[in-house]
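Taking it in order: structure first as structure tokens, then the write-up.
The values are calculated or read from the model by the stated rules, or taken from the named source; none is laboratory data. For clarity, every value in this text was computed on a predicted model and none was experimentally measured. Cβ placement follows ideal geometry from the backbone for every residue including glycine, while neighbour counts extend to all protein chains displayed.
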Amino acid sequence: MVPLCLGSFDPGGAVIIVRLTKTFMTAALAAYAGIVAYDNIVDYGSNYAFVQHVLSMDTTFPGNALMHRAITDPETWKLAYTAIIAGEALSGVLLALAALDMLFALRNGERFAKAKGLVAAGVGVGFAVYFLGFMVVGGEYFAMWQAKDWNGQQSAFRVYMTMLGVLIYVSLPEPEPGLSKA
């Protein structure tokens, strides 16, 4: 008979499974952020066009009263896109470092708890990119919500909500059933 809880015969094993899951989820977020940053560098033009259309507001409702916010300077578009890529890359690096720290601290509750700080930092940077950048600045300030084709709000929502969900799970304490501190 298979026990319902994999750690039912070994309380320490259950803690390790939970920590491994937290580590894996953090590594998965790191992989996502890293791949997105890499793709934006290698295929620069695809999402540069997105930034161009959002900032220039050329696909928002015709005659909307917010058009005075539009930015049509290509150098500003490049700067904004660079900031997005840098934020994605920084988020990925912080999350990757967190996952490595967590992996090497699986049997040390105090060290594992400290590694969670890097998860918060990586998610914080990711939240800045996807919520502040895409929802607040792009979505509301530049009225991206009005654009049919150049609207990244739904994608950004999925990303920052996933990040927040992982952060909440990772932040939860694990029980310490007498694991030795290695």
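Number of residues in the range 112-171 that are buried (at least 19 other Cβ atoms within 10 Å of the Cβ) and β-branched (Val, Ile, Thr): the value is 7. Answer yes or no as to whether Ile41 is assigned to a helix (DSSP H, G or I), farther than 19 Å from Val119 by Cβ and either modelled with pLDDT under 95 or of a type in the set (A, V, I, L, M, F, W, C) (or both). Yes; evaluated as a whole, the condition is true for this residue. Selection of the range 42-64 for residues being farther than 15 Å from Val129 by Cβ, β-branched (Val, Ile, Thr) and touching a helix residue (DSSP H, G or I) at 6+ places or on another chain (Cβ under 8 Å) yields Thr59, Thr60.
Kindly provide the set of residues from the range 25-46 that are polar (S, T, N, Q) and touching a Gly at 6+ places or on another chain (Cβ under 9 Å), ordered by number. Answer for the range 25-46, where residues must be polar (S, T, N, Q) and touching a Gly at 6+ places or on another chain (Cβ under 9 Å): just Thr26.
Scanning the range 54-79 for residues that are buried (at least 19 other Cβ atoms within 10 Å of the Cβ) and assigned to a helix (DSSP H, G or I) returns Val54, Leu55, Ser56, Trp77.
Output the residues belonging to the range 95-110 that are among the aliphatic types (A, V, I, L, M), in a helix (DSSP H, G or I) and touching a residue at least 60 places away in the same chain (Cβ under 8 Å). Scanning the range 95-110 gives Leu95, Ala96, Ala98, Ala99, Met102, Leu103.
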